[in-house]
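S.K.: Got a structure for you, questions after.
The values are calculated or read from the model by the stated rules, or taken from the named source; none is laboratory data. Predicted model only: the values in this text are computed from it and were never measured. Cβ placement follows ideal geometry from the backbone for every residue including glycine, while neighbour counts extend to all protein chains displayed. Side chains included, ligands, DNA and RNA excluded: accessible areas come from the protein's heavy atoms. Shrake-Rupley method; radii C 1.70, N 1.55, O 1.52, S 1.80 Å.
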Amino acid sequence: MNKKVSNPQIDCVISYFEKTFGDSKGVRVFSAPGRVNLIGEHIDYCGGFVFPAALTLGTYIAIRPNGTKDTVRMAATTVDGIRSFSLSNIDDAKALDWGSYQAGVVKELLLLGIPVGGFDAVFHSTIPFGAGLSSSASIEVSTGLAVSTVFGAPLTGKELALAGQRAENKFCGVNCGIMDQFASAMGLEKHAILLDCASVTHKYVPLDLGDNVLVLANTCKKHSLGASKYNERRKEVSVGLEEMNRIAKSRGRAEKPNLCAFGKDELRQYAPEIKDDVIRKRVMHVVSENERVKEAVELLQGGKLLEFGALLRDANQSIRYLYEATGEELDAIFDATLDFDGCIGSRMTGGGFGGCTVNIVKASAVENFKKHVAERYTGATGNIPEFYVCEIGNGALETQI
Ligand code: GLA
């Protein structure tokens, strides 16, 4: 959390701070990354295992207390002007055109009893917005770390993740799980995180992909979690849990606290008794995806990369056909990889309904991969994709200036 690194993005956020607030005396800079999820999609809020990793793309925040008790002033390198809100009327910040993720986190820090005072801050992000790479979680986690630290009560990584999630659920109205904020707070260079979302405990797994690299393929169709079907899926899986428990009870078996507490055998026995087709499909995705995560981690640790990649493809088809959280663009960009030899695995990553796929591609074939996928994807949808070879970085930290 307190590892010091230097990075050219820091100059950018500091010079913007100077331009906006006059000078940068006493300013501190913090950052938190976006994430890619390798496997385990839409199961963090069902108590399952997920397997994300932090990116080297992230949000940078330059911050300084401004000596007032109540006034927060914020600017961003991509938005004109200053937005302000007062700590005593923090809910008014919901009406701002941007800044609600930050205000939501500050509210959570106040609720935790942290003596937050007025501050000035500038935000700068290198994460493409709306690409499903957790730009919002990185704003929440960087804000949480920066504000709690400068006001003398730094939160731990897990506390930051939970505060960010609460902010997004309560202040921003997106009923997200814990995965994104946890990966942003707790990421470790060259490692993925096996996170048990029921207990919020984790272990790091080295991400050794041999002569392959991870390539993100961006459909450039923005997803909007709040407006999209994310909250609808959450409602469907809570009905799914009620159904599974109803069936378990009718057989004299114990009820379970979440869907991922059911295993493959129970799924096989109970699924035919779920009355509603849509609910049955959602439950089938959740339970099978949780099993795939455990299998995928074992395969990766055993160096079985081809099998690992194949499981990623299975996971994609589950979220596509059972969970129905992809859409025309994600389907087209996934399909475009199927006949490319140097790609051993691909799947959508993140909330879905737009955003990116993550692909395991032979390092020597990356340029051909981009060309191959772009041609087919643009042919199918008319959209121009973007590609990023991604490196796995560390979680939130204070950077050296
Ligand atoms: C979004 C949410 C996460 C998670 C994923 C889907 O990224 O913020 O909590 O549910 O979607 O796996």
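S.K.: Spot the failing condition for Thr201; the list is (1) closer than 22 Å to Phe51 by Cβ; (2) of a type in the set (Ser, Thr, Tyr); (3) in contact (Cβ under 8 Å) with a residue 40 or more places away in the chain, and only one is missed.
M.R.: (3)
S.K.: Kindly indicate which of Leu188, Leu214, Leu195, Leu162 is within 13 Å of the ligand (Cβ to nearest atom), closer than 29 Å to Thr337 by Cα and not charged (D, E, K, R).
M.R.: Details: Leu188 fails: within 13 Å of the ligand (Cβ to nearest atom); Leu214 fails: within 13 Å of the ligand (Cβ to nearest atom); Leu162 fails: closer than 29 Å to Thr337 by Cα.
None of the others qualify; the one that does is Leu195.
S.K.: Within the range 95-120, take every residue that is within 29 Å of Met348 (Cβ to Cβ) and hydrophobic (A, V, I, L, M, F, W, C) and give me the one that is most open to solvent (accessible area, probe 1.4 Å).
M.R.: This residue is Trp98.
S.K.: Another question, then. Among the residues of the range 61-70, are any surrounded by 24 or more Cβ atoms within 10 Å (Cβ to Cβ), in contact (Cβ under 8 Å) with a residue 12 or more places away in the chain and either closer than 24 Å to Ser318 by Cα or within 16 Å of the ligand (Cβ to nearest atom) (or both)? Give the steps one after another, and end with the answer.
M.R.: Kept after step one, since they are surrounded by 24 or more Cβ atoms within 10 Å (Cβ to Cβ), are these residues of the range 61-70: 61-63.
Within this subset, residues satisfying the condition of being in contact (Cβ under 8 Å) with a residue 12 or more places away in the chain are 61-63.
Imposing the further condition that a residue be either closer than 24 Å to Ser318 by Cα or within 16 Å of the ligand (Cβ to nearest atom) (or both) reduces the set to none.
No, every residue in the range 61-70 fails to be surrounded by 24 or more Cβ atoms within 10 Å (Cβ to Cβ), in contact (Cβ under 8 Å) with a residue 12 or more places away in the chain and either closer than 24 Å to Ser318 by Cα or within 16 Å of the ligand (Cβ to nearest atom) (or both).
S.K.: Of the conditions (1) touching a residue at least 60 places away in the same chain (Cβ under 8 Å); (2) in contact with a Gly (Cβ under 6 Å, 6 or more places away or on another chain); (3) crowded, with 24+ Cβ neighbours inside 10 Å, Cys172 satisfies every one except a single condition; which number is it?
M.R.: (3)
S.K.: Evaluate the following for Ile14: is it crowded, with 20+ Cβ neighbours inside 10 Å and more than 19 Å from Leu160 (Cβ to Cβ)?
M.R.: Details: crowded, with 20+ Cβ neighbours inside 10 Å: no; more than 19 Å from Leu160 (Cβ to Cβ): yes.
So Ile14 fails the test.
S.K.: Identify, by number, the condition in (1) open to solvent by 60 Å² or more (accessible area, probe 1.4 Å); (2) touching a Gly at 6+ places or on another chain (Cβ under 8 Å) that Asn258 doesn't meet.
M.R.: (1)
S.K.: Look at the range 273-305 and say how many of its residues are open to solvent by less than 50 Å² (accessible area, probe 1.4 Å), touching a residue at least 40 places away in the same chain (Cβ under 8 Å) and hydrophobic (A, V, I, L, M, F, W, C).
M.R.: So the first thing to find is which residues in the range 273-305 are open to solvent by less than 50 Å² (accessible area, probe 1.4 Å), and the list is 274, 279, 282-283, 285-293, 296-297, 299-300, 305.
If we keep only those that are touching a residue at least 40 places away in the same chain (Cβ under 8 Å) too, we end up with 279, 282-283, 285-286, 289-290, 292-293, 296-297, 300, 305.
In the following step, the residues that additionally are hydrophobic (A, V, I, L, M, F, W, C) were identified as 279, 283, 286, 293, 296-297, 300, 305.
Number of matching residues: 8.
S.K.: Which members of the range 273-288 meet the condition of being part of a helix (DSSP H, G or I) and either among the charged types (D, E, K, R) or in contact with a Lys or Arg (Cβ under 8 Å, 6 or more places away or on another chain) (or both)?
M.R.: Correct list: Glu273, Asp277, Arg280, Lys281, Arg282, Val287, Ser288.
S.K.: Could you look through the range 306-326, keep only residues that are out of contact with any helix residue (DSSP H, G or I) (no Cβ under 7 Å at 6 or more places or on another chain) and either among the hydroxyl-bearing types (Ser, Thr, Tyr) or open to solvent by 30 Å² or more (accessible area, probe 1.4 Å) (or both), and pick out the one that is farthest from Val286 (Cα to Cα)?
M.R.: Step by step, filter the range 306-326, then rank; the result is Leu306.
S.K.: In the list Val205, Val213, which residue meets the criterion of being surrounded by fewer than 23 Cβ atoms within 10 Å (Cβ to Cβ) and either among the basic types (Lys, Arg) or in contact with a Phe, Trp or Tyr (Cβ under 8 Å, 6 or more places away or on another chain) (or both)?
M.R.: Values: Val213 fails: either among the basic types (Lys, Arg) or in contact with a Phe, Trp or Tyr (Cβ under 8 Å, 6 or more places away or on another chain) (or both).
One residue alone meets the criteria, Val205.
S.K.: Say whether the condition of being within 16 Å of the ligand (Cβ to nearest atom), without any contact (Cβ under 8 Å) to a residue 40 or more places away in the chain and surrounded by 24 or more Cβ atoms within 10 Å (Cβ to Cβ) is met by at least one residue in the range 121-143.
M.R.: No: zero hits.
S.K.: Still on this structure, please answer the following. Select from the range 58-91 the residues that are more than 26 Å from the chain's Cα centre (by Cα) and of a type in the set (D, E, K, R) and list them in ascending order.
M.R.: Arg64, Lys69, Asp70, Arg73, Asp80
S.K.: Does the range 345-357 contain at least one residue that is open to solvent by 10 Å² or more (accessible area, probe 1.4 Å) and away from the ligand (no atom under 16 Å from the Cβ)?
M.R.: no
S.K.: Taking the range 165-185 as the search range and keeping residues that are part of a loop (DSSP other than H, G, I, E, B) and touching a helix residue (DSSP H, G or I) at 6+ places or on another chain (Cβ under 6 Å), which one is farthest from the ligand (Cβ to nearest atom)?
M.R.: Across the range 165-185, the extreme among qualifying residues is Cys172.
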